[in-house]
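The values are calculated or read from the model by the stated rules, or taken from the named source; none is laboratory data. This structure is a prediction, so every number in the text was calculated from the model and none was measured. Here the Cβ positions follow ideal geometry from the backbone for every residue, glycine too, while neighbour counts run over all protein chains shown. The protein model used for the area step is the full one, side chains on, heavy atoms only, and it has no ligands, DNA or RNA in it. Shrake-Rupley method; radii C 1.70, N 1.55, O 1.52, S 1.80 Å.
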Amino acid sequence: MYIETTELIRSALQEASGEEEVLITDGGEHADLASTVAFALAKKRRASPAAIAAELVPHLAAALAAHGITVAATGPYLNFRFGPPYFAGVVQAALAPGYGAGASRQVRVVLEHTSANPNGPLHVGHIRNSIIGDTLARAFRKAGYVTEVQYYVNDMGRQIAIVVWGMDHLGIEPEEGEKPDHYIARVYVEANRRIEADPAITGEVDGLMQQVEALDPTTVRKFRSVVGRCLDGFRETLADLATPHDRFVWESDFLRNGDMERILAKLARLPVAHQEEVFYLDLSGAGIENRYVLRRSDGTSVYAARDLAYHLWKGRNFSRVIDVLGADHKLIGAQLQATLRLIGELPPEIVHFEFVSLPEGSMSTRAGTFIAADDLIAETRRRAFDEVTVRRPELPEEERRAIAQSVALAAIRYDIIRISPEKSTVFEWTNALDFERQSGPYIQYAHARACSILEKAGDYTATFAAESSYEQALVRQIAKFPAVVAQAVDELRPHLVATYARELADLFNTFYHFEPVLRAEGATRDARLTLVRAAQNTLKEALETLGIDALRSM
RNA sequence: GGGCCUGUGGCUUAGUCCGGAUAGAGCGCCGGGCUUCUAACCCGGAUGCCGGGGGUUCGAAUCCCUCCAGGCCCGCCA
């Protein structure tokens, strides 16, 4: 309704002004929609913007009256107000299950996120990747795209070789009940310590890497075992965060199936290819001065070579390829894109997010200075449980536990997704554990309140009217949901959904605070209940797009 | 040194791509509201030369130039 109405006004403006670009902006408190086209026309027509605006009004009014839209000029601004048909239409649309979805389209999208090295547990930096990626994937699906989510498993890198060396030489055993990824981190940290003390070990690690590249069965088995164990740990964490993957793609598969050799052979024939000790590409033609090294002097391939094969495969099997990567991958991402473009393959669209650090400095798996996602989840659940127990002591423990789990997930996901990806952040416990305004639980709470009102209401007749300014403000926000989903997808900015949901909760809270629903009578009661239902459904759809449970009670 | 990202009240942040009407919000602070639909809530108040400077424009947080500060990258790691 919002999108359609905007288009209606756009064409009316184009018609009336003769301009292609009609400068539509949000009307704020002045209007539902506004246009500043009069400023642009002022120069051409050598008249004052206000006079031009006033002159356009009758033409616009005539064109839009049938749709219940009124027009007024406030100085140079053309202000449009949507009428009762709009408000009624919005509420009606918002009652439908799945509100906000775009028309389903036959575009296959592959979205890669997280893809952390399996050398230690996921930490609070990694899960920014998971949460941005997963929210984006949910938005894509909501917008109507067929979306497959993949995790690219780096199962043959140096880090893994270091863990394998540690397994063979250090005799570190898992502790009772220790998650495998945490155990592997201990081995990795200790192995690195040994390497620092005795650089000769690096030679042994190199040997392991050569053996795995040569597909030596024993070495391959060792690598697989380490990676598989770590991944088992990741899967638990990712399940806790509700950031699932449809497929885990193993890097070494592209070595085994020959894809990597094929693309390297193809690239070797390019004029930008150079073989001096190492095999590299000169991408200065694409504005990238750094050498893009694909093969070491000992003949083994580097990560970038396998990644090229992986992306070639994705590009040939999907019509859009999206990667969520840390900002530290910007250079290698640009090199990957440039190379694929060079050979006429589909390059990935990359969403980069900036670093998460700790107040005391940056996080490092190797140094053991990180906050594990598992610890964050456990602590947040504890806090949430205490909170639920204080508020709802009458509920059985099992139910409080279940609510706490959803609340904790909401707090964690929202705390991360609300921030624009390009902003670097510092992880603070107090922020992560905040369940008040501008938090996930705050939005969940608004939804639960709506559910509670509806439950107590019993039967009512759906009635579409938005009388008060509180009701209208709420309807205006409800109307924008489909546009917000579409925009989040178009611009690859999932945090727009987070901002939207919070504003929706704000407006709903204000509305029901001032407008009694259950105590209203007759048609007013019906209309308010209908609006509560529309708001509840929109909140639910928005929360689910954010990967947050829309609790009916909390 | 070069490249990319960021700089908005004490703190966290939306808005910046696509320039418009008094820059939104949360935390914290001050003051109010629970015999009334769950107070994880609501209402009111104080706090901003939108990093500095220059420019473009009728109009700049938003575009351009420049300087400053912070983060990241510049590996035969991933």
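I need the GluC sites (Glu not before Pro) found in segment A:250-340, filtered to DSSP loop residues with at most 13 other beta carbons within 10 Å of theirs.
Working: sites: A:Glu251, A:Glu261, A:Glu276, A:Glu277, A:Glu289; in loops: A:Glu251, A:Glu277, A:Glu289.
Within segment A:250-340, the qualifying GluC sites (Glu not before Pro) (loop, at most 13 other Cβ atoms within 10 Å) are A:Glu277, A:Glu289.
Ignoring any ligand, DNA or RNA, what whole percent of the accessible area of segment A:405-525 comes from carbon and sulfur when the probe is 1.4 angstrom?
Summing carbon and sulfur atoms, their accessible area is 46 percent of the total for segment A:405-525.
Put A:Lys142, A:Lys266, A:Lys423 in order of accessible area, largest first, 1.4 Å probe: what do you get?
A:Lys423, A:Lys266, A:Lys142
DSSP loop GluC sites (Glu not before Pro) in segment A:454-531 with at most 10 other Cβ atoms within 10 Å of their Cβ, which ones?
When the GluC sites (Glu not before Pro) of segment A:454-531 are filtered for loop state and at most 10 Cβ neighbours within 10 Å, A:Glu491, A:Glu521 remain.
With all protein chains present, how much of the accessible area of segment A:83-199 (probe radius 1.4 Å) comes from carbon and sulfur, to the nearest whole percent?
51 percent
Where only protein heavy atoms count, and the probe is 1.4 Å, what is the accessible area per residue for segment A:113-357 in Å²?
So segment A:113-357 comes to 40 Å² accessible per residue, rounded to a whole number.
Using only the Cα atoms of segment A:253-350, what are the Rg and Dmax in Å?
Answer for segment A:253-350, Rg first and Dmax second: 12.7, 37 Å.
Would you mind calculating the relative contact order of segment A:385-545 from Cα pairs under 8 angstrom and at least 6 residues apart, reporting the percent as a whole number?
Contact order relative to length: 28 percent.
Would you calculate a helix-derived [θ] at 222 nm for chain A, using -39,500 (n - 2.57) for each DSSP H run of n ≥ 4 and dividing by the full residue count, to the nearest 500?
Mean residue ellipticity at 222 nm (helix-derived): -18000 deg cm²/dmol.
Counting DSSP beta bridges with both partners in chain A, what percentage is antiparallel, nearest 5?
55 percent
Any idea of A:Thr300's accessible area? Nearest 10 Å², probe 1.4 Å.
10 Å²
Please express the shape of segment A:65-156 as an equivalent ellipsoid: the semi-axes are the square roots of 5 times the eigenvalues of the C-alpha gyration tensor, given largest first in whole angstrom.
The equivalent ellipsoid of segment A:65-156 has semi-axes of 44, 18, 12 Å.
How about A:Lys423: which lysines have a C-alpha closer than 25 Å to its C-alpha, ignoring those fewer than 8 places off in the same chain?
Cross-link targets: A:Lys330.
Once both axes come from the Cα atoms, what is the angle between helix A:259-268 and the longest principal axis of chain A, in degrees from 0 to 90, rounded to 10?
90 degrees
Ordered by packing density, taken as the mean number of other Cβ atoms within 10 Å over each peptide's residues, highest first, how do A:124-137, A:476-489, A:65-78, A:389-402 rank?
Per-residue Cβ counts within 10 Å, averaged per peptide and sorted highest first, yield A:124-137, A:476-489, A:65-78, A:389-402.
Tilt of helix A:469-479 relative to the longest C-alpha principal axis of chain A, in degrees (0 to 90, nearest 10)?
Helix A:469-479 sits at roughly 40 degrees to that axis.
Defining a contact as two alpha carbons under 8 Å apart and six or more residues distant in sequence, what relative contact order in percent does chain A show?
Values: 912 pairs, mean separation 93.2, N = 554.
Averaging sequence separation for qualifying contacts and normalising by length gives 17 percent for chain A.
Going by accessible area, probe 1.4 Å, with all protein chains left in place, what is the ranking of A:Asp526, A:Asp198, A:Asp323, largest first?
A:Asp198, A:Asp526, A:Asp323
If the cut-off is 15 Å between C-alpha atoms, which aspartates and glutamates fall inside it for A:Lys540, apart from same-chain ones fewer than 8 positions away?
Counting by Cα, and skipping residues close in sequence, A:Lys540 has these aspartates and glutamates nearby: A:Glu503, A:Asp506, A:Asp549.
Starting from the Cα-Cα distance between A:Ala65 and A:Gln14, subtract it from 0.36 nm times their residue separation and give me the gain in nm to one decimal. Numbers along the way, then the final one.
Values: separation 51, 0.36 × 51 = 18.36 nm, distance 1.64 nm.
Computed gain between A:Ala65 and A:Gln14 is 16.7 nm.
Two decimals is fine: what's Rg over Rh for segment A:113-357, C-alpha atoms, Kirkwood radius as Rh? It would help to have the intermediate numbers written out before the result.
Details: Rg = 18.5 Å, Rh = 19.1 Å.
Reported Rg/Rh (Cα atoms, Kirkwood Rh): 0.97.
Evaluate the distance, in nm, between pseudo-label points positioned 7 Å from the Cα of A:Asp168 and of A:Ala367 along their respective Cα→Cβ axes.
Output for this residue pair reads 2.9 nm.
Per residue, how large is the accessible surface of segment A:2-82? Use a 1.4 angstrom probe and give square angstrom.
Working: 4230 Å² over 81 residues.
The answer is 52 Å² per residue.
Å³ per residue of the Cα convex hull, for segment A:371-499?
Dividing the Cα hull volume of segment A:371-499 by its residues yields 154 Å³.
Show me the trypsin sites (Lys or Arg not before Pro) within segment A:487-548 that DSSP assigns to loop and that have at most 12 other Cβ atoms within 10 Å of their Cβ.
The qualifying sites are A:Arg519.
Pairwise over distinct Cα atoms, reciprocal of the mean inverse distance: report the Kirkwood radius of chain A in Å, one decimal place.
Across chain A, the inverse of the average 1/r is 26.7 Å.
Ignoring ligands, DNA and RNA, what percent of the accessible area of segment A:2-82 is carbon or sulfur (1.4 Å)?
56 percent
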